[in-house]
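Below is one structure, written out as structure tokens, with a few remarks after it.
Just so it is clear, none of the values below were taken in a lab; they were calculated from the coordinates. This structure is a prediction, so every number in the text was calculated from the model and none was measured. In this analysis, Cβ positions are derived from the backbone assuming ideal geometry, glycine residues included, and neighbour counts consider all displayed protein chains.
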Amino acid sequence: MIYCMGDIHGNYKGYKSLLQQICFSDKDILYTIGDVVDRGEESMKVLLDMMMRPNVYPIMGNHDWMAFQCLKWFSQDITEESIAQLSEEKMDAVKEWFVNGGESTLREFRGLSAEQRELVMEYLGEFSLYEEAETESGSFLMLHGGLDNFSPERPLEDYTAGEIIWARCDYEKTYFPDKFLVTGHTPTRNIRSHLHLPMNDRIFSRNNHIAIDCGSGMGGLLGVICLDTFEEYYA
Ligand SMILES: [Mn+2]
């Protein structure tokens, strides 16, 4: 079976619970839609678990991107001095990351061994901007945010990281008539409030969209959907 999991945001318990619920095995494939890190308290535990599983394919979210950029500056030697020596531009990026829940991620990262830090950085650097999958139920394009400056003719390789990981989808618009666009980034409760639907933290599907950020980073749920059966699971 092929599964796609929503924005985990350091929710290790939820992540483990969902793997158990779907009886995740070596024969299955799991895509994570991005924002594995930040906000929650156990981002590194999630990453260390994911990287041991060759059948888990991580997609880059804006939080993973911020963490990757900022941790690169810190990963040599994290001391009060090295933090003080960062340029103003980098410091602004770090501040933005902290405001968005990066502080616990940095704290956890500092607690890893040098070898683990290196592996985490290598792993974050391998996150892909998008993934595609086919099942008996249809074709799926999975990416974190959306497709800014969208045109049906524009090849996917042409979009920049920023146009994908920071973008917000228009969930009233069908982007592709022949495939589902699976996204995270925008908590489904926000889509519902925008479309005046009853608010809940469940997977949202409409207009060939499948939105799966069920608000794990903001006290909601963590969700996973099976792309073969469309079954949904929550923690
Ligand atoms: Mn996001």
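Using only Cα atoms, what Kirkwood radius does the chain have, in angstroms?
One over the average 1/r among Cα pairs gives 18.1 Å for the chain.
Lys pairs in the chain, Cα-Cα under 25 Å, at least 8 apart or on separate chains: how many?
Pairs that pass both the separation and distance tests number 10.
Once you place label points 7 Å from the Cα toward the Cβ at residue 176 and residue 87, how far apart are they in nm?
3.7
Give the longest segment of the chain that steers clear of GluC sites (Glu not before Pro) in DSSP loops with at most 11 neighbouring Cβ atoms within 10 Å, not counting the sites themselves.
1-125
Within a Cβ distance under 15 Å of residue 168, other residues only, what is the Lys/Arg minus Asp/Glu net charge?
Numbers: positive: 173, 189, 192; negative: 7, 35, 148, 163, 170, 172, 213.
Combined, the nearby Lys, Arg, Asp and Glu give -4.
What relative contact order, as a whole-number percentage, does the chain give when Cα pairs under 8 Å and 6 or more residues apart are counted?
24
How much net charge surrounds residue 188 when only other residues with a Cβ under 9 Å from its Cβ are counted (Lys, Arg +1; Asp, Glu -1)? Before the final figure, lay out each step's value.
Values: positive: 189, 192, 202; negative: 201, 213.
Here the count lands on +1.
For 169, 226, 214, what ranking results if the residue with the fewest other Cβ atoms within 10 Å of its Cβ goes first?
Lowest to highest Cβ neighbour count: 226, 169, 214.
Taking just the C-alpha trace of region 119-193, give me its Rg and Dmax in Å.
13.4, 40
What length, rounded to one decimal in nm, is gained on full extension from residue 26 through to residue 53, with 0.36 nm per residue of separation minus their alpha-carbon distance?
8.9 nm
Would you tally the net charge around residue 179, using a Cβ to Cβ cut-off of less than 13 Å, leaving residue 179 out, and scoring K and R as +1, D and E as -1?
Around residue 179, the charge tally is -4.
Evaluate the distance, in nm, between pseudo-label points positioned 7 Å from the Cα of residue 13 and of residue 207 along their respective Cα→Cβ axes.
About 3.6 nm separates the two model spin labels.
At a Förster distance of 30 Å, what's the computed FRET efficiency of residue 69 paired with residue 150, Cβ-Cβ distance as r, to 0.05?
After rounding, the FRET efficiency stands at 0.75.
Could you put 51, 5, 44, 60 in order, starting from the residue whose Cβ has the fewest other Cβ atoms within 10 Å? Before the final figure, lay out the partial values.
Numbers: 51 17, 5 30, 44 23, 60 26.
Sorted ascending by nearby Cβ count, the order is 51, 44, 60, 5.
Give me the one-decimal nm value for the distance between modelled label points at residue 116 and residue 228, 7 Å along each residue's Cα-to-Cβ direction.
With each label placed 7 Å out from Cα toward Cβ, I get 3.4 nm.
I'd like the distance between the alpha-carbon centres of region 86-138 and region 1-79, rounded to an integer number of Å.
Using only Cα atoms to place each centre, the spacing works out to 9 Å.
Which of 59, 8 has the fewest other C-beta atoms within 10 Å, and how do the rest follow up to the most?
If I rank by nearby Cβ atoms, fewest first, I get 59, 8.
Step through the residues of region 15-22 one at a time and calculate ³J(HN,Hα) from phi using the Karplus curve (6.51 cos²θ - 1.76 cosθ + 1.60, θ = phi - 60°), rounding each to whole Hz and writing x for Gly and Pro.
Using θ = phi - 60°, the values come out as 4, 5, 4, 5, 4, 5, 4, 8 Hz.
Restricting the calculation to Cα positions, tell me the Rg (one decimal) and the Dmax (whole number) of region 162-216 in Å.
Radius of gyration, then largest Cα-Cα span, for region 162-216: 10.7, 31 Å.
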